[in-house]
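The values are calculated or read from the model by the stated rules, or taken from the named source; none is laboratory data. Source: prediction; values computed, not measured. Positions of Cβ are generated from backbone atoms using ideal geometry, with glycine treated the same way; all protein chains shown enter the neighbour counts. With ligands, DNA and RNA removed, areas are computed over all heavy atoms of the protein, side chains included. Shrake-Rupley method; radii C 1.70, N 1.55, O 1.52, S 1.80 Å.
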Amino acid sequence: MGKVIVVTSGKGGVGKTTSTAALGAALAQRGEKVAVVDFDVGLRNLDLVMGAERRVVYDIVNVIQGDAKLPQALIRDKRLENLFLLPASQTRDKDALTPEGVEIVMNDLKRYFDWIVCDSPAGIERGATLAMRHADVAVVVTNPEVSSVRDSDRIIGLLDAKTAKAERGERIEKHLLLTRYDAVRAERGDMLKVEDVLDILSIPLIGIIPESTDVLRASNLGSPVTLADARSAPAMAYFDAVRRLTGEPLPITIPGEKRGIFGKIFGRKAA
Amino acid sequence: MSVFNLFRKQRSAPTARERLQVLLAHERAPAGSDLVAQLREEILAVIARHVELDHDRVRVKMDGDEHVSILEIDVEIPLSAVVQAA
């Protein structure tokens, strides 16, 4: 049976879709059979980031409403034959997802795939709660910024209360993925540090993705960053995150933490 | 500390951290059940009964780990207020 990961954050624009695409592709690059699922009904974007926007015929709402079979709606990635996308509907509203329908689709996906990576919409409404509902693992995407940290805290509370696992009295595995991290600014004391965010949210860290132009470049090209440039800093950080997700005890490294020439000369320390 | 620090703006990350700790300690607690948040409210209320509190001059810090919570309250009381109370 496949494992279900929800990529969630509460706040919008922190990198959920980018991270879903990158983690899904990175898992597939390791030979796992992966489906990435867009839960953002009405504002789908995972298709665009994956470069499959022109190949969408059926979507998750069609499957739930019985207009299409699951294999008809799944889009196979052009670069990786073991990576599939289940797009969200762009025209319906978020009420088109029903809890019963989502459960059937998730159970079907779990039979065919090793990993199902669900891209949650922002917010804490129906779409977000349905995306996390059947998750075994949650990846909480957070920027080192006050509003993102606050919203992540809220989402962690929801994960412990509203998921099927939590309702059965089990613990849902939660991991923090810190994105858009700028080690230089954090070192200067102008940005929350990794330790600050970890102290406040107190869930284990799965990876630190550096702020990087490679991420924008990849989405411009319609490619997960792990496929667009596997040797770029963000791609390597996603590969490491995936290794940790699969249980490898890999020590965390902070990408880009080297001092610039001024830092070396003056040896500044953050307050 | 290098001379350059004299000309730099104060670091903002520690402020962000403190603000979040106070806010989340408050938001995590189901209304009224969090002892530390309740203490903070009541202590400030007691002080406010005797001197006029300027909320910009009150600093609340919360910290702690799984074993202890630390509540730190810094209240600036103007000298004029002390004279009045005496």
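Being open to solvent by less than 70 Å² (accessible area, probe 1.4 Å), in contact with a strand residue (DSSP E or B) (Cβ under 8 Å, 6 or more places away or on another chain) and either modelled with pLDDT under 95 or of a type in the set (S, T, N, Q) (or both): is that true of A:PRO234 here? Considered against the rule, which asks whether it is open to solvent by less than 70 Å² (accessible area, probe 1.4 Å), in contact with a strand residue (DSSP E or B) (Cβ under 8 Å, 6 or more places away or on another chain) and either modelled with pLDDT under 95 or of a type in the set (S, T, N, Q) (or both), A:PRO234 comes out as no. The sole residue among A:VAL41, A:VAL57, A:VAL14, A:VAL6 that is of a type in the set (A, V, I, L, M) and under 22 Å from A:GLU81 (Cβ atoms) is A:VAL57. The residue that is nearest to the chain's Cα centre (by Cα), counting only those in segment A:79-91 that are over 13 Å from A:VAL56 (Cα atoms) and without any contact (Cβ under 8 Å) to a residue 60 or more places away in the chain, is A:LEU83. Pairs meeting the criteria (first residue in segment A:197-210 and within 11 Å of chain B (Cβ to nearest Cβ), second residue outside any helix (DSSP H, G or I) and of a type in the set (Val, Ile, Thr), beta carbons under 8 Å, at least 6 apart or on different chains) are A:VAL197/A:THR142; A:LEU201/A:VAL140; A:LEU201/A:THR142. Within segment B:1-25, being more than 7 Å from chain A (Cβ to nearest Cβ) and either surrounded by 15 or more Cβ atoms within 10 Å (Cβ to Cβ) or modelled with pLDDT of 85 or more (or both) holds for B:THR15, B:GLU18, B:VAL22, B:ALA25. Considering segment A:211-222, and only residues there that are open to solvent by 20 Å² or more (accessible area, probe 1.4 Å) and not hydroxyl-bearing (Ser, Thr, Tyr), the residue that is farthest from the other protein chains (Cβ to nearest Cβ) turns out to be A:LEU221. Within segment A:23-59, the set of residues being in contact with a strand residue (DSSP E or B) (Cβ under 8 Å, 6 or more places away or on another chain), buried (at least 24 other Cβ atoms within 10 Å of the Cβ) and among the aliphatic types (A, V, I, L, M) comprises A:LEU23, A:ALA25, A:LEU27, A:ALA28, A:VAL34, A:ALA35, A:VAL36, A:VAL37, A:LEU46, A:MET50. Residues in segment A:130-158 that are closer than 24 Å to A:GLU103 by Cα, among the small types (Gly, Ala, Ser) and at pLDDT 95 or above: A:ALA131, A:ALA135, A:ALA138.
Yes or no, residue by residue, for (1) more than 14 Å from every other protein chain (Cβ to nearest Cβ); (2) buried (at least 18 other Cβ atoms within 10 Å of the Cβ):
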position: A:TYR112; (1), (2): yes, no
position: A:GLU125; (1), (2): yes, no
position: A:GLU145; (1), (2): no, no
position: A:ASP151; (1), (2): no, yes
position: A:ASP160; (1), (2): no, no
position: A:GLU167; (1), (2): yes, no
position: A:MET191; (1), (2): no, yes
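Per this entry, A:GLY24 is not counted among residues that are within 13 Å of the chain's Cα centre (by Cα), part of a loop (DSSP other than H, G, I, E, B) and closer than 28 Å to A:LEU158 by Cβ.
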